[in-house]
Amino acid sequence: MPALVVVGAQWGDEGKGKTTDILGTRVDYVVKPNGGNNAGHTVVVGGEKYELKLLPAGILSPNVTPVIGNGVVVNLEALFEEIEMLESRGADTSALRISANAHVVAPYHQTMDKVTERFLGKRAIGTTGRGIGPAYADKVSRIGIRIQDLFDESILRQKVEGALRQKNELLLKVYNRRAVEVEETVEYFLQYAERLRPMVCDTSLLLGEALDAGEVVVMEGGQATMLDVDHGTYPFVTSSNPSAGGAVIGAGIGPTRITRVIGIVKAYTTRVGAGPFPTELFDEMGVRLQKTGGEYGVNTGRPRRCGWYDAVIARYAARVNGFTDYVLTKLDVLTGIEEIPVCVAYEIDGVRHDEMPASQSDFHHAKPIFETFPGWDEDISVARSFEELPENAQNYVLALERLSGCRISVIGVGPDREQSIVRHELLD
Ligand code: GDP
Ligand code: IMO
Ligand code: MG
């Protein structure tokens with residue numbers, strides 16, 4: 001009963017989608033346990049590129065049942081747009097299952113996301129503007145609307161009324177916006193109810209039974225450890241728990257069922273949106289990583305901030321997630337760089353820190369202490385075994401493995417499904 005969790009180790013966009021995809025034909029279920037359409041997971045199959053925001057990458061594998069777990073916040077408009085996009089490209093989405101307990105993102109959540117960001121001014125998070133934070137806030141405040149509520153019109157109306165009573169006061173009196181009509185919102189949801197109905201079930205039961213039957217379940221996390229509302233660089237985080245613990249909550253399976261926790265980490269670091277980033281580059285090297293790595297957000301098109309690999313973060317992520325394996329992606333992007341710095345520790349007010357500082361203010365002042373490794377010029381995108389990598393590339397990977405608190409089992413040398421070097425099988 002293998003149950004694997006795929007978790008971003010940095011600030012997102014490490015290549016989680018590609019990792020799920022390469023797990024391939026032996027997988028039976030791929031679950032999205034957290035987040036919503038703030039994610040952007042890219043999969044390249046035989047040169048064809050697919051960009052998924054709300055659906056897990058498993059939807060591209062014919063024998064996989066894709067599942068949206070209870071921990072997700074679902075924007076129904078985005079859901080059906082994505083389904084239509086995939087169907088028009090020949091993918092079969094009919095197996096998709098959605099948890100009756102997942103919450104929905106309402107149009108007013110997107111409005112709230114935008115106005116609260118504006119009110120934060122210089123302290124804005126740089127959210128994706130998809131209403132994710134406000135939808136999770138309503139869930140925790142117990143005024144959220146769940147998928148199952150769409151099938152009981154009078155309950156739906158009551159809940160929309162409840163959610164809007166306070167929100168309309170805020171919108172009108174604090175944010176100077178127009179109030180949202182209850183009926184308009186109820187109609188918005190109801191237009192999707194019948195299309196949604198056949199997809200909705202108790203996904204916790206579905207996955208529990210699948211595991212009992214010895215089937216393979218992969219939880220493909222959205223976002224990443226450093227964006228986790230508990231373990232990330234709060235408040236510059238998302239509003240869910242993208243780390244491994246969140247995956248079991250968001251999929252509705254018990255922690256004892258997890259057999260592997262796979263961390264996805266880039267051979268350098270990127271971040272979209274605001275917040276601290278100790279190894280960030282502000283010179284032409286940052287621009288080079290951005291251009292060579294194609295570092296532009298899938299979701300919002302924003303350029304990603306780029307910097308060197310941060311082993312302090314990798315060790316931290318290995319610890320809070322309990323990683324059994326690392327998948328190191330985008331090693332090919334470093335080709336041609338003469339000397340590659342890796343952050344091994346921080347200096348904070350004259351003191352060396354080998355671990356993440358406990359205080360956020362300290363993290364904002366952290367200066368990276370670098371060790372530098374010699375680079376390579378050879379094209380590594382065609383390598384399919386560790387031995388085929390140039391010696392300096394091998395040594396770089398071994399150094400990261402030594403510094404990052406977990407073995408590196410797979411190495412990515414290009415965006416395509418085929419461009420991976422497997423050192424240890426993820427499914428055995
Ligand atoms: P996710 O959000 O973690 O799924 O990652 P994204 O899809 O947002 O960003 C990762 C990007 O890197 C995508 O464009 C992938 O196609 C690409 N990618 C993944 N692995 C590799 C790799 O090993 N090499 C290169 N060059 N690109 C990769
Ligand atoms: P994937 O799954 C990178 C960032 C946003 C912002 C912060 C909060 O593709 O790795 P939100 O809209 O979630 O309230 O924004 O989190 N963010 C991501 N950055 N990759 C993602 O997803 C992200 N999802 C959210 O840029 O800084
Ligand atoms: Mg992404």
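None of the figures in this text is laboratory data; all of them are computed from the coordinates on show. Source: prediction; values computed, not measured. Glycine also receives a Cβ, built like all others from the backbone with ideal geometry; neighbour counts cover every protein chain displayed.
Largest GNM mean-square fluctuation across 366, 317, 137, computed for the chain with C-alpha springs under 10 Å, falls on 137. Bridges between two residues of the chain, per DSSP, are antiparallel at a rate of about 40%.
For the chain, relative contact order (Cα pairs under 8 Å, six or more residues apart, normalised by length) works out to 20 percent.
With contacts taken as Cα pairs under 8 Å and at least 6 residues apart, the stretch 103-198 reaches a relative contact order of 25 percent. Which of the three applies to the stretch 167-261, rounded, prolate or oblate, going by the alpha-carbon gyration tensor with a ≥ b ≥ c and a/c under 1.5 meaning rounded? It is oblate, given that a/c is not under 1.5 and a/b is not larger than b/c.
Multiplying the residue separation of residue 152 and residue 388 by 0.36 nm and subtracting their alpha-carbon distance yields 79.0 nm.
Projecting the Cα atoms of 106, 164, 120 onto the charge dipole of the stretch 103-198 (Cβ charges, centred on the Cα centre) puts 120 farthest toward the positive pole.
For the stretch 103-198, a simple Cβ point-charge model (Lys and Arg +1, Asp and Glu -1, everything else neutral) yields a dipole of about 560 debye relative to the Cα centre. Toward the positive end of the charge dipole of the chain, with +1 on the Cβ of Lys and Arg and -1 on the Cβ of Asp and Glu, the farthest Cα among 409, 419, 279 is that of 279. Within straight-line reach of residue 330, meaning a Cα separation under 26 Å, sit the following lysines at least 8 residues removed in sequence or on another chain: 16, 18, 32, 49, 53, 266, 291, 367. Computed over the stretch 103-198, the P(r) curve from all C-alpha pair distances, binned at 5 Å from the origin, holds 2, 13, 23, 25, 19, 10, 5, 2, 1 percent per bin.
The value of relative contact order for the stretch 239-368, using C-alpha pairs under 8 Å at least six residues apart, is 29 percent.
Running a GNM on the chain with Cα contacts under 10 Å, which residue among 133, 254, 375 ends up with the highest mean-square fluctuation? Result for the chain, Cα springs under 10 Å: 254 fluctuates most.
What shape does the stretch 387-428 have by the C-alpha gyration tensor, where a ≥ b ≥ c are the square roots of the eigenvalues, rounded means a/c under 1.5, and otherwise prolate means a/b greater than b/c and oblate the rest? It comes out oblate by the Cα gyration axes. Restricting attention to the stretch 103-198, lysine pairs at least eight places apart or on different chains and with alpha-carbon atoms under 21 angstrom apart total 7. Taking the average, over residues, of other Cβ atoms within 10 Å as the packing measure, peptides 84-93, 401-410, 30-39, 190-199 rank 30-39, 401-410, 190-199, 84-93 from highest down. Each peptide in 290-299, 320-329 gets a packing score, the mean of other Cβ atoms within 10 Å over its residues, and the list from highest to lowest is 320-329, 290-299. Counting Lys and Arg as +1 and Asp and Glu as -1 over every other residue whose Cβ lies under 10 Å from the Cβ of residue 342, the net charge comes to -2. Per-residue ellipticity at 222 nm computed for the chain from its helices equals -9500 deg cm²/dmol, with DSSP H segments shorter than 4 residues left out and the rest contributing -39,500 (n - 2.57). The residue among 249, 214, 155 whose Cα reaches farthest toward the positive pole of the charge dipole of the stretch 152-282, with charges on the beta-carbon of Lys, Arg, Asp and Glu, is 249. Between 0 and 90 degrees, the angle of helix 391-404 with respect to the longest Cα principal axis of the chain falls at about 60 degrees. In terms of the mean number of neighbouring beta-carbon atoms within 10 Å, the peptides 154-162, 59-67 order highest first as 59-67, 154-162.
Computed from point charges on the beta carbon alone (+1 for Lys and Arg, -1 for Asp and Glu), the dipole magnitude for the chain about its Cα centre is near 1260 Debye. Once the convex hull of all Cα atoms in the chain is built, its volume per residue stands at 136 Å³.
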